[in-house]
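What follows is a short report on a single structure.
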Amino acid sequence: MAVSAASVFLVSLALQLPLIVAECALNLSKSNFTLVASVCSNKDERAKCCRYINACIAISVASYANKTASLGVDSDSTTVCLQSIAQTLEQFGVSRNATTFCGLGTKITVKYDCAGRTTVTQMLQSPGFGDVSQNCGGPITADTNCRKCVNAEIVYLHHLIGPVDNVTLSTCRDAAFAALGSQLDYSSMTKFANCFFGIEDPSIFSASNTSQSHSASNASSNPHVAASPSQLMLGMPLNQKHHSYRLSLVPIIGVAVTIMAIFILVVLLYLIRRKRKELEVSKDIDRVSSRSFPPHSIKKLQEGPAFMFRKFSYKETKKATDNFSTIIGEGGFGTVYKAQFSNDSTAAVKRMNRVSEQGEDEFCREIELLARLHHRHLVALKGFCVEKHERILVYEYMVNGSLKDHLHAPGRTPLSWRMRIQIAIDVANALEYLHFYCNPPLCHRDIKSSNILLDENLVAKVADFGLVHASKNGSICFEPVNTDIRGTPGYMDPEYIVSQELTEKSDIYSYGVLLLELVTARRAIQDGKNLVEWSRPYMASDSRIIELVDPAIQESIDFGQLKAILNIVQWCTKHEGRARPSIKQILRLLYESSEPVNSGSLVDDELDGSSEGRGRGRGRASKVKMQRNEMVSQSGDVRALASSSSTSWSYCSRSFLLESGSPQSPPNIPSL
């Protein structure tokens, strides 16, 4: 209510302010308004009164046009000037009835517009105006010359505007006078006005407002005249100017105070409205939050077992990230910052972009999923922050950044061939966990190099679960589910884009692109070409597949392994999803084709000195298999473990062999 009242007050002040602070640009100080008042006091001489008023205003407009080339004041000053003139006339004794009768503001204006011509140049260049200049431009000293001037003006106006109403005719006549008068000096201009408007007493253009007794009597009878700023403008005597000057300071001070009050009021209104919007936005966000992520869910997470997440305060998170200054990554839903908390722990903080329903859904989905996903090849969530419109996730910090940086950032030491194979196995382990050991099974939907993070030991972990989708009925066999198309161009399954039906085979396609990216160190879309389509001609011939390999590691690869990896890529990127392998089949093939990597890929090459080590590059000897199985069961190195799930590798193999409906291996992939 207070805001509405203040708004009404502000509007009323704003409407009155131009009248208070504006000043009329016309100079009427040389006009003898005492004489005008004398003429207008005689009711029988109303027409003469109107001509005198018109002549005084026309003289001032002509003088204004001489300086600005404009036939009158601008539109914003019109009202101010008309009110000023009306007040001045009234103060000198000209009644309101007289000014109304003469049409002050309609027939007699302070801004001339003759058929669209509003400047001196436009009038001077109008057709036939040359005759008016010729007959009226010289000294007008005789009645003959005056009649020629008037007749030339009548003919000019007749040809210019034709038969029109009196208002238009009067305006165009005054415009013609002002245009021609602006080219003359003041003395010639007044003689021209005497002829043009039929002025009988030339003293009307002499500033003698106070020299006549009539003026003195008016001044003495009206106390407002002496203090009027308008009268000061019209030529007050010198002995009264200093007194009026002091009086004029009063309205000036009043205007200044009014402007200051309005300014303060505007600032207050702005602050009130901004605060109101912030409250409305906060309520909307809280409404969305309560709908998609109710408070009891957050409370449940906080009150759960010790391994559940911690809730961070916004102040604590802001301090840990140094006011969100250290950016280490950016995604579709937010920016990731490095954070150093007070307990010396380092974390990665993902601050969601402006909270929308989609962003809120992604935030809630990621918390709910990571609350039940625990795997060494999935990035662990440490906590979260929910305060007002802020949505923040706190993850474990991955020292070596993303796989994308290692493959594509300039100046990086290239990953070795064996390390790339091991990263491929790590990611496959994570997908196996999501597809087979979660309840319900999950599709990641956004497998790509920027979502594969590496820790201090270059162990690969899958991140960003904002687009994860659960299977329809909780079974291991995914049924097609209609979803909004989301993912990253170049990694997205073409079949999913066309049908909009999501299955786990969409992740398989993305994984195939990732494998190819590991081999080639090319982006999924580079130089406007899709990586899979670009590589097909090379994979069609054994003699050309070496050209696919990252030049930085071409000399260190194992050709047999390369061929096996590319066969897996071809199988994963088949157009039809049902023709692609499951992640268990892929994982089995990776182990079988990369025994040297699996049997201690991070162990020193001295192991290669043994007969088993030398045999690793030549095939799958039974002795090698026995040694690998021993390492799986006994080694303390987690990267030597064959399966990512809680089950053993042998169990995974049995699961693989027992899968129903799995596509058969292509002929060029070794039989298992």
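The residues listed here are Val164, Val155, Val94; of these, the one that is part of a helix (DSSP H, G or I) and not polar (S, T, N, Q) is Val155.
Being in a helix (DSSP H, G or I), β-branched (Val, Ile, Thr), touching a strand residue (DSSP E or B) at 6+ places or on another chain (Cβ under 7 Å) and modelled with pLDDT under 90 narrows it down to one of Thr88, Thr78, so name that one. Thr78 is the lone residue from the list that is in a helix (DSSP H, G or I), β-branched (Val, Ile, Thr), touching a strand residue (DSSP E or B) at 6+ places or on another chain (Cβ under 7 Å) and modelled with pLDDT under 90.
Would it be correct to say that Val481 is surrounded by fewer than 20 Cβ atoms within 10 Å (Cβ to Cβ), among the β-branched types (Val, Ile, Thr) and modelled with pLDDT under 70? The answer is yes for Val481. Would you say Cys172 is surrounded by 15 or more Cβ atoms within 10 Å (Cβ to Cβ), part of a helix (DSSP H, G or I), of a type outside the set (D, E, K, R) and at pLDDT below 85? No: the conditions fail for Cys172. Restrict the check to segment 308-329 and report whether at least one residue is modelled with pLDDT under 90, in a helix (DSSP H, G or I) and surrounded by 14 or more Cβ atoms within 10 Å (Cβ to Cβ). So far as segment 308-329 goes, no, none of its residues is modelled with pLDDT under 90, in a helix (DSSP H, G or I) and surrounded by 14 or more Cβ atoms within 10 Å (Cβ to Cβ). Scanning segment 101-130 for residues that are buried (at least 17 other Cβ atoms within 10 Å of the Cβ) and in a helix (DSSP H, G or I) returns Cys102, Val120, Gln122, Met123, Leu124, Phe129. Surrounded by fewer than 18 Cβ atoms within 10 Å (Cβ to Cβ) and out of contact with any helix residue (DSSP H, G or I) (no Cβ under 7 Å at 6 or more places or on another chain), is that true of His389? In short, no.
How do the pairs read when you match residues in segment 510-527 that are of a type in the set (Phe, Trp, Tyr) with residues anywhere that are not in a helix (DSSP H, G or I), using Cβ under 8 Å and keeping only pairs 6 or more apart or on different chains? Taking only residues 6 or more apart or on different chains, the pairs are Tyr511/Ile447. Just to be sure before I move on: is Ser31 assigned by TED's automatic domain parsing to the domain that holds Phe92, assigned to a helix (DSSP H, G or I) and either under 47 Å from the mean Cα position of the chain (by Cα) or of a type in the set (S, T, N, Q) (or both) in the structure I sent? Answer is no for this residue.
The values are calculated or read from the model by the stated rules, or taken from the named source; none is laboratory data. Treat the numbers as computed from the prediction; the structure is a model and nothing was measured. Heads up, the Cβs are rebuilt from the backbone with ideal geometry, glycines too, and the neighbour counts pull from every protein chain shown.
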